[in-house]
Structure formats: C-alpha cells, structure tokens
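Participant: Quick one: structure below, then a few questions.
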Amino acid sequence: MKEILVAIDFSKGSLHALEYAVALANTCNSNITMVWVDSPAMLMQAESSEMRDEARTNMEEILHTEKYKLLGGKLSYKLRKGKVYQELAGQARLSGADLVIAGTHGITGFEEFWIGSNALRLVTSVPCPTITVRTSYDINRPIKKIVMPVDHTALTLHKVPFTASFAHSFGAEVNIIALNSSKLKTVQRVIDGAVVKVEKYFHDHKIPFITEKQNTDNIATSIIEHSRLIDADLISIMTDGDVEASGVLLDKFSQQLINYSEIPVLSNHPVERFLL
C-alpha cells in the first residue's frame with residue numbers, strides 16, 4: 001500500500017481520519033495525500049477565492065504539523081474544484097491511491113461540512129477501497145483482528161485479496177464470519193462453498209484466520225455485535241460498486257454498518273477479472 005488519500009474539510013472528523021491514516025502509513029511506509037475540494041455550491045463566487053486561500057493556509061499548517069509524524073512516506077495536499085465526490089475520485093485515480101480514508105461521527109451520519117453530504121457517495125465512487133473511521137475511535141489501537149463477513153452473494157469473495165493483503169501488512173488475524181439469513185439449504189451450501197475458497201486463499205497466503213457461522217435475521221447487526229464481542233479493529237465489507245450506473249448512493253446494508261459501527265469499516269469494490 002503505497003498511496004493513501006484522506007478527505008479533508010477541516011472538521012474534527014476529517015482531522016481525526018488524517019491521524020488514523022498516519023498510523024496506518026507508518027506501518028506500510030505509505031505516502032499520504034490530503035484533498036480539499038472547493039465545491040461551487042458552497043459559496044458565491046466572490047467568496048470562493050477567499051475561501052480557497054484560507055483552505056491553502058490551513059493545509060500548509062496541517063502539513064507543517066503532521067509531516068514530522070509520518071516516518072517513512074511523504075505528506076502532501078491537493079486543492080481541487082468541482083463536485084466533491086467526483087473530485088476526490090478523480091484525485092484518487094490520478095494519485096494511484098490504494099486506499100481512501102474519511103471520517104464519520106457515527107449514527108447520525110458523517111462529519112459536518114462537505115464530508116457530511118458526500119461521504120456515502122464517496123465510498124461508492126472512488127476507484128479503491130475506503131476506510132471510514134469514527135471521530136471517537138482510538139487511532140493508537142493496532143490492527144490485530146479483522147472481521148470479514150461471507151454471504152451467498154456473487155460479490156462476497158471480491159473483498160478477499162485486499163483484506164488478505166491488509167492483514168498481511170499489519171500482522172492481523174482475519175475472523176471469517178459466515179452469515180446466513182435464509183432458510184433455504186441451497187443458500188447455505190453456497191455460503192459453505194464460499195467459505196472453503198476463502199479459507200484456502202488465506203491458507204495459501206499464510207494469513208491467520210478463524211471461521212465462525214451464524215444464522216441471522218439482520219446481517220449488519222450481527223456483524224457489529226460479533227465485532228464488539230471479539231474486540232475487532234476493522235470490518236471488511238463489499239459495496240455495490242457502480243454508483244453512476246445504479247443511481248444508488250450506497251446499499252442499505254453498507255450504510256447501516258458505516259453509520260452504526262464503532263469500529264472502522266473497510267469498504268471494498270468489485271474487482272475486474274476476479275479469480276479466487
């Protein structure tokens with residue numbers, strides 16, 4: 001993981017996300033790019049230039065303070081103009097970002113300012129995985145346990161390679177939780193088959209793991225409760241992916257996890273030419 005992008009709007013949540021990114025980057029020797037977007041909808045044109053100058057000054061102050069905390073990589077920033085989620089996605093592509101990090105304050109949604117109205121769309125539209133982290137989360141916790149749900153859906157295995165790579169970087173154990181919300185035996189067989197593939201992949205790549213199975217009526221709630229029970233440090237999930245084609249900001253399941261989980265959530269996208 002060479003490049004991490006952090007969405008910055010100078011809110012408490014975004015600055016906390018930056019601190020979290022620094023902690024991750026110091027393990028992976030990653031660079032960090034902070035991105036602020038001047039949205040045309042924010043202010044009238046007369047104030048836009050003044051706001052951009054102020055944003056640049058604030059970024060320089062953050063850069064001066066935080067660059068000394070980054071031990072192996074380089075800290076930089078970009079100012080962009082346009083629709084927030086589109087510009088962040090564009091910068092992620094331009095930077096070749098491996099991961100995007102955004103802050104959230106939990107149940108009521110994402111942190112105030114422009115992250116508030118754009119973060120859910122950001123999670124779906126950026127080309128790489130995204131971690132959303134609560135303002136209250138302890139950034140000094142090492143990542144030692146990752147919860148990864150497996151279900152019957154076609155995309156459930158697509159999160160496995162990045163989750164494995166992430167676990168390898170941090171020396172973490174993956175807790176595979178096989179979740180079944182159906183009474184159909186066919187669905188259970190599909191889940192069991194998916195779990196076998198996941199276990200083989202982790203075994204072949206020397207990723208420590210344990211597997212647990214649960215029947216549930218509410219998958220999001222079960223994942224959150226299980227993660228609390230084992231004191232997990234990260235939850236790895238899939239998103240629906242193509243926001244422009246679907247017209248959906250984010251599927252309800254992912255929204256529930258992101259909004260209600262006290263533990264950071266790693267949202268993965270479908271992978272082209274996926275094989276497992």
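The values are calculated or read from the model by the stated rules, or taken from the named source; none is laboratory data. Owing to the predicted nature of the structure, the values given are computational and were not obtained by experimental measurement. Using ideal geometry, Cβ is built from the backbone for each residue, glycine included, and neighbour counts are taken over all protein chains shown. We work out accessible area using only protein heavy atoms, side chains counted, and drop any ligands, DNA or RNA first. Shrake-Rupley method; radii C 1.70, N 1.55, O 1.52, S 1.80 Å.
Participant: Considering each of TYR77, TYR20 in turn, give the residue that is assigned to a strand (DSSP E or B) and modelled with pLDDT of 90 or more.
Facilitator: On the way: TYR20 fails: assigned to a strand (DSSP E or B).
Sole residue among the options that is assigned to a strand (DSSP E or B) and modelled with pLDDT of 90 or more: TYR77.
Participant: Restricting attention to the range 204-240, which residues are within 19 Å of the chain's Cα centre (by Cα) and outside any helix (DSSP H, G or I)?
Facilitator: Passing the criteria: ASP231, ALA232, ASP233, LEU234, ILE235, SER236, ILE237, MET238, THR239, ASP240.
Participant: Also: Are any residues in the range 1-28 buried (at least 22 other Cβ atoms within 10 Å of the Cβ) and touching a Phe, Trp or Tyr at 6+ places or on another chain (Cβ under 6 Å), and if so, which ones?
Facilitator: If the condition is that a residue be buried (at least 22 other Cβ atoms within 10 Å of the Cβ) and touching a Phe, Trp or Tyr at 6+ places or on another chain (Cβ under 6 Å), then ILE8, ASP9 are the ones that fit.
Participant: Okay, next question. Quick check on this structure: which one of GLU225, GLU244 is of a type outside the set (Lys, Arg), at pLDDT below 85 and exposed (fewer than 15 other Cβ atoms within 10 Å of the Cβ)?
Facilitator: GLU244
Participant: While we're on this one: Residue check, ALA97 against (1) open to solvent by 10 Å² or more (accessible area, probe 1.4 Å); (2) in a loop (DSSP other than H, G, I, E, B); (3) at pLDDT below 90, all met but one. Which one?
Facilitator: With respect to (1) open to solvent by 10 Å² or more (accessible area, probe 1.4 Å); (2) in a loop (DSSP other than H, G, I, E, B); (3) at pLDDT below 90, ALA97 is out only on (3).
Participant: Something else: Just to be sure before I move on: is PHE110 out of contact with any Cys (no Cβ under 7 Å at 6 or more places or on another chain), open to solvent by 10 Å² or more (accessible area, probe 1.4 Å) and at pLDDT 95 or above in the structure I sent? Before the answer, list the steps.
Facilitator: Working: out of contact with any Cys (no Cβ under 7 Å at 6 or more places or on another chain): yes; open to solvent by 10 Å² or more (accessible area, probe 1.4 Å): yes; at pLDDT 95 or above: no.
Answer is no for this residue.
Participant: Starting from residues that are under 13 Å from ILE237 (Cβ atoms) and open to solvent by 20 Å² or more (accessible area, probe 1.4 Å), keep the ones in the range 264-276 and report whichever is farthest from the chain's Cα centre (by Cα).
Facilitator: Initial filter on the range 264-276 (under 13 Å from ILE237 (Cβ atoms)): 264-270.
Filter once more, keeping what is open to solvent by 20 Å² or more (accessible area, probe 1.4 Å): 269-270.
On the way: HIS269: 10, PRO270: 14 Å.
Result: PRO270.
Participant: Related question: Please enumerate the residues belonging to the range 143-167 that are touching a helix residue (DSSP H, G or I) at 6+ places or on another chain (Cβ under 7 Å) and either open to solvent by 60 Å² or more (accessible area, probe 1.4 Å) or not in a loop (DSSP other than H, G, I, E, B) (or both).
Facilitator: Correct list: ILE146, VAL147, MET148, PRO149, VAL150, HIS152, THR156, LEU157, VAL160, ALA164.
Participant: Turning to a different aspect of this structure: Quick one: count up the residues across the range 88-103 that are under 23 Å from ARG134 (Cα atoms) and of a type in the set (D, E, K, R).
Facilitator: Total satisfying the criteria: 1.
Participant: Residue pairs, Cβ under 6 Å, 6 or more apart or interchain, first in the range 1-25 and in contact (Cβ under 8 Å) with a residue 24 or more places away in the chain and acidic (Asp, Glu), second surrounded by fewer than 24 Cβ atoms within 10 Å (Cβ to Cβ) and in a loop (DSSP other than H, G, I, E, B). List them.
Facilitator: Qualifying pairs under 6 Å: GLU3/GLY96; GLU3/ASP98; ASP9/PHE113; GLU19/ILE139.
Participant: For the range 175-203, give me each residue that is open to solvent by 30 Å² or more (accessible area, probe 1.4 Å), assigned to a helix (DSSP H, G or I) and either more than 18 Å from LYS145 (Cα to Cα) or among the polar types (S, T, N, Q) (or both).
Facilitator: LYS185, THR186, GLN188, ARG189, VAL190, ASP192, GLY193, VAL196, LYS197, LYS200, listed by residue number.
Participant: Name the residue that is nearest to PHE170 (Cα to Cα), counting only residues in the range 29-41 that are touching a Phe, Trp or Tyr at 6+ places or on another chain (Cβ under 8 Å) and part of a strand (DSSP E or B).
Facilitator: First pass over the range 29-41, keeping only residues touching a Phe, Trp or Tyr at 6+ places or on another chain (Cβ under 8 Å): 33-37, 39.
Applying the additional criterion that residues be part of a strand (DSSP E or B) yields 33-37.
Working: THR33: 21, MET34: 23, VAL35: 25, TRP36: 28, VAL37: 31 Å.
If we take residues in the range 29-41 being touching a Phe, Trp or Tyr at 6+ places or on another chain (Cβ under 8 Å) and part of a strand (DSSP E or B), then THR33 is nearest to PHE170 (Cα to Cα).
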